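Working notes, structure below.
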Amino acid sequence: MTFDPSQLPSLLNPEQLEAATHVGSPLLVLAGAGSGKTRVITYRIANLIKAHDVAPWRILAVTFTNKAAGEMKERLEKLLGPEGADVWVSTFHSTGARILRREGEVIGLSKSFVIYDEADSLAEMKRVMKAMGVDSRQIEPRRILHRIDDAKNHGRTPDDCAKFPAYDEAGRLFPELYRRYQKALAAADAVDFGDLLHRMVELFEKAPDVLEKYRHRFRHVLVDEFQDTNGVQFRLLKMLAGDGRGLCVVGDDDQAIYRWRGADVTNLLQFEQEFPGTRIVKLERNYRSTQLILDAAHSVISRNRHRMEKKLWTEREGGDPLELLVARDERHEAQLVADKVRISIRDGVDPNEIAVFYRTNAQSRVIEEAFRLGRIPYHVVRGRSFYDRAEVKDLASFMRLSINPRSDQDALRVINKPARGIGDTTVARIEEAARSWGLSVVEACARADEIPGLNSRAQGKVRAFAQLIGELIQVALAEGAGAVAEAALKKSGMEEAFLADGSDEAIDRLDNVRELVGAAKEWDESWEWEPDPADPGAEPPLPVAAFLEQIALLGEGDERVQGARVSLMTLHAAKGLEFEEVFLTGMEEQVFPHSRALGEQGGAEEIAEERRLCYVGFTRAKRRLVLSLATSRALYGDLRFNPPSRFLGDVPKELFAGVGAAGDRVRHQARVAGGTYVEYDEDAAGPEIDLGDDDGFEDGVTIDYSFDQRPQVRQRHPVRPAVFRRRPGEVVEKAATLPTLGMGGPGAYPIGTPVRHPSFGVGMVEGADGDKLSIRFPGVGVKRVVARFVQPV
DNA sequence: TGAGCGTCAATTAGC
DNA sequence: TTGACGCTCA
């Protein structure tokens, strides 16, 4: 139970030991996949406390996800007992929330500010745009929010942004939108996720004494997944860590897969320059996978440039060869995977130790279907689906109003939920009144009789809403989170409305909100306010407030565990996990690497990131790695024939089982009905594609996949592709061949074909895309119509 | 208010 | 193909 530092040499390998015990200079731990980094971090913390007499509350350990933070806390408490609970282990964002909650008054935040999630922010931005008269169809609110987030990640205020030249309408409006958005947040006493970091910088800059307090307090700062840090996060770290003597960062540049989210690997790559005197420790010994899997992973990742050289090794030599499943199409692929999984389970593999990965969420559908059909228990690992449900958010909004009635966002969300006769017009009048009086929506509602334009019936309903919130406030002041949740559910009429509806869907929703009530009650039982040793005078927050903070920042969290099931997830979601058997599906160009990374806007860095993603996927596997691809795939409504992923080609074929392995030359041959042949050349980066003729079929497409000239798969695709594409969006062939769809009968519509359309008359085919034809009709112009609506003339 | 329909677009997703 | 969104009509 109690940790003894003298045991460390027997618990850790030499590199881990150094990482865990080195003190006196900044420390960068390059921790390869499966090298035991969490172990190192926890032992390091334990060692600081036990061997160096550092008070637990002087240590700050930052992670990216609540899950990681939770696991670390748990381990620490196991190692150190109650003392472990005094270490600040939290995400960047919770750290921000915690400090802002305490000190935010300096920058105009009350102690009860709310945290907006994306949906809240989006709604707020839409309102800002509307108020400014900006057409939200012309300028996407999402895009603006993204830019705001980006600005915050770089520490830029609206004024800073105004200094940059604007290239378009959106750019011209941006600073003002940003400014007004921030103003709206401030008025609502709210912050968004970006603010939790950005405003902390603001706080530290405005109040050096506050910064000094925390800098002095946190003698040791540890950061996990350091490759995922962005600009502000690094800035905050630098502020807190000073010269960096107490700073220890742990990360792996090969697992940097969040550049698109603002993460900047250069934080890691240039850490040494930033903090001279940095000690670098590499953890290359892997405790997870077989050597064979590591070799495969290395063959993929080693093609990236600009990486910190490292190579994983393990004592688990050899291992089972990789497997490659080549399927006709995505359904077949799912089928093959399901079959293999079923066999594994039958042979005794724990379903919880099996995972299926894919690049995009859309791919999960067919896999789920195959699993359902095959009666294989599975679950799809997603983000925070529970708390994102509309009904759950509604109830949470009521709860937020109970501690912060100024949050217009929440007020507007639930003012008519369930429907209580406060329509759009009434809401608009309330908003207008609130604006002119400088009051919040709830405050304005309380003065319903003074709002211009409301008839007495509307006044009554509006006043009742204000009263409802007033009652919830009373409950919040006197009782726990559970009581508030329950009161909100009952008094708002939500429960009644769901029951009155009675449909399966309504009952389902009711179950969800009841679950939130249950979660709040459970929270009340287990939560207790622990004063911070460094700040004993702080007064405890209301239990509801603490609960809401928790769920605002929480992901799926403690997902209710329900028995043995196979996990389905995206590659991104797979980071940090491990499984005995891993199935990596969709190993095709355009799918993985994703077309977005290959297209015009995709550069070398995008491909490199896809490659890292592949590396992450491979290194999740402990014992067995199965890769699969589909030679044809229905995507965005039409059929694509994607060559095998270049990542397959990177893996030496000796690592694969059976004849014909990846890395061989792959040749496709296809013939399209209607006499249209498509030439398809690919550069050497991907396998060689050759779509020729000579399949002997009248229509349909035949594709040969051969590996080293030995035919592996030869099959006829019964569906004829409308168009072949070389790159997304680019029509390669001039003629379009259409599937047999009703009226037109089999046949092609080459360019120049005259056709008749029931409403536009006779026109000439100019092109095709999917099952749509572009046809020029005299006097009408070019129309895109569904092929089955036209007939050849 | 909500169902129904046309249009448009189409990774990844942490807090 | 699917899904989200905004608009119209009952």
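The values are calculated or read from the model by the stated rules, or taken from the named source; none is laboratory data. In this text the structure is predicted, and so the values were computed from the model without any measurement. No Cβ is skipped: glycine too gets one built from the backbone with ideal geometry, and neighbour counts run over all protein chains shown.
Summary table below
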read-out: Residues within the range A:330-370 that are of a type in the set (Lys, Arg) and farther than 15 Å from A:Leu568 by Cβ, tallied; value: 2
read-out: Residue, nearest to DNA strand C (Cβ to nearest atom), within the range A:133-166, restricted to residues that are among the small types (Gly, Ala, Ser) and over 12 Å from A:Arg179 (Cβ atoms); value: A:Ser136
read-out: Strands (runs of 3 or more DSSP E) (entirely within the range A:592-652) containing at least 2 residues that are in contact with a Ser or Thr (Cβ under 8 Å, 6 or more places away or on another chain) and more than 16 Å from DNA strand C (Cβ to nearest atom); value: A:621-630
read-out: Long-range neighbours under 8 Å by Cβ, at least six apart or interchain, first residue among the polar types (S, T, N, Q) within the range A:127-147, second surrounded by 18 or more Cβ atoms within 10 Å (Cβ to Cβ) and part of a helix (DSSP H, G or I); value: A:Ser136/A:Met129
read-out: Considering residues of the range A:340-365 that are of a type in the set (D, E, K, R) and touching a residue at least 40 places away in the same chain (Cβ under 8 Å) only, the residue surrounded by the most Cβ atoms within 10 Å (Cβ to Cβ); value: A:Arg359
read-out: Flag if A:Val582 is at negative phi and either more than 13 Å from DNA strand B (Cβ to nearest atom) or in a loop (DSSP other than H, G, I, E, B) (or both); value: yes
read-out: Residues that are more than 22 Å from A:Leu236 (Cα to Cα) and away from DNA strand B (no atom under 14 Å from the Cβ), drawn from the range A:57-78; value: A:Glu74, A:Arg75, A:Leu76, A:Glu77, A:Lys78
read-out: Count - residues of the range A:366-387 that are more than 16 Å from DNA strand B (Cβ to nearest atom) and surrounded by fewer than 17 Cβ atoms within 10 Å (Cβ to Cβ); value: 6
read-out: One residue from A:Ala458, A:Ala428, A:Ala419 being aliphatic (A, V, I, L, M) and away from DNA strand C (no atom under 16 Å from the Cβ); value: A:Ala458
read-out: Given (1) away from DNA strand B (no atom under 16 Å from the Cβ); (2) at pLDDT 90 or above, index of the condition A:Ala355 fails; value: (1)
read-out: Residues of the range A:389-416 that turn out to be over 24 Å from the mean Cα position of the chain (by Cα) and of a type in the set (Gly, Ala, Ser), as a count; value: 3
read-out: Hey, A:Lys152 of a type outside the set (Val, Ile, Thr), farther than 13 Å from A:Gly194 by Cα, within 25 Å of the chain's Cα centre (by Cα) and within 13 Å of DNA strand B (Cβ to nearest atom) or not; value: no
read-out: Matching option when the condition is closer than 18 Å to A:Val232 by Cβ and at pLDDT below 85, among A:Gly194, A:Gly171, A:Gly155, A:Gly133; value: A:Gly155
read-out: Test: residue in the range A:667-675 that is within 16 Å of DNA strand C (Cβ to nearest atom), surrounded by 24 or more Cβ atoms within 10 Å (Cβ to Cβ) and modelled with pLDDT under 95; value: no
read-out: Residue satisfying all of: in the range A:275-309; in a helix (DSSP H, G or I) and without any contact (Cβ under 8 Å) to a residue 40 or more places away in the chain; surrounded by the most Cβ atoms within 10 Å (Cβ to Cβ) among these; value: A:His298
read-out: Matching residues in the range A:533-553 - criterion: being assigned to a helix (DSSP H, G or I), modelled with pLDDT of 80 or more and not aliphatic (A, V, I, L, M); value: A:Pro543, A:Phe547, A:Glu549
read-out: Among the candidates A:Ala390, A:Ala419, A:Ala433, A:Ala411, residue that is surrounded by fewer than 23 Cβ atoms within 10 Å (Cβ to Cβ) and under 22 Å from A:Met125 (Cβ atoms); value: A:Ala390
read-out: Which listed residue, of A:Ala241, A:Ala263, A:Ala187, A:Ala170, is more than 27 Å from the chain's Cα centre (by Cα), closer than 30 Å to A:Lys126 by Cβ and among the small types (Gly, Ala, Ser); value: A:Ala187
read-out: Residue match in the range A:238-255 (condition: in a loop (DSSP other than H, G, I, E, B) and within 16 Å of DNA strand B (Cβ to nearest atom)); value: no
read-out: Conditions (1) in contact with a Leu (Cβ under 9 Å, 6 or more places away or on another chain); (2) modelled with pLDDT of 90 or more: number failed by A:Asp189; value: (2)
read-out: Elements of type helices (runs of 4 or more DSSP H) contained in the range A:440-532, each with 1 or more residues being buried (at least 21 other Cβ atoms within 10 Å of the Cβ) and under 31 Å from the mean Cα position of the chain (by Cα); value: A:481-491, A:494-501, A:504-526
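Residue-wise test of (1) without any contact (Cβ under 8 Å) to a residue 40 or more places away in the chain; (2) assigned to a helix (DSSP H, G or I); (3) in contact with a strand residue (DSSP E or B) (Cβ under 7 Å, 6 or more places away or on another chain).
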site: A:Ile367; (1), (2), (3): no, yes, yes
site: A:Phe371; (1), (2), (3): no, yes, yes
site: A:Ile376; (1), (2), (3): no, no, yes
site: A:Pro418; (1), (2), (3): no, no, no
site: A:Thr425; (1), (2), (3): yes, yes, no
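Residue-by-condition table, conditions (1) touching a Pro at 6+ places or on another chain (Cβ under 6 Å); (2) farther than 12 Å from A:Leu395 by Cα; (3) modelled with pLDDT of 85 or more:
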| site | (1), (2), (3) |
| --- | --- |
| A:Lys490 | no, no, yes |
| A:Asp501 | no, yes, no |
| A:Leu510 | no, no, no |
| A:Glu515 | no, no, no |
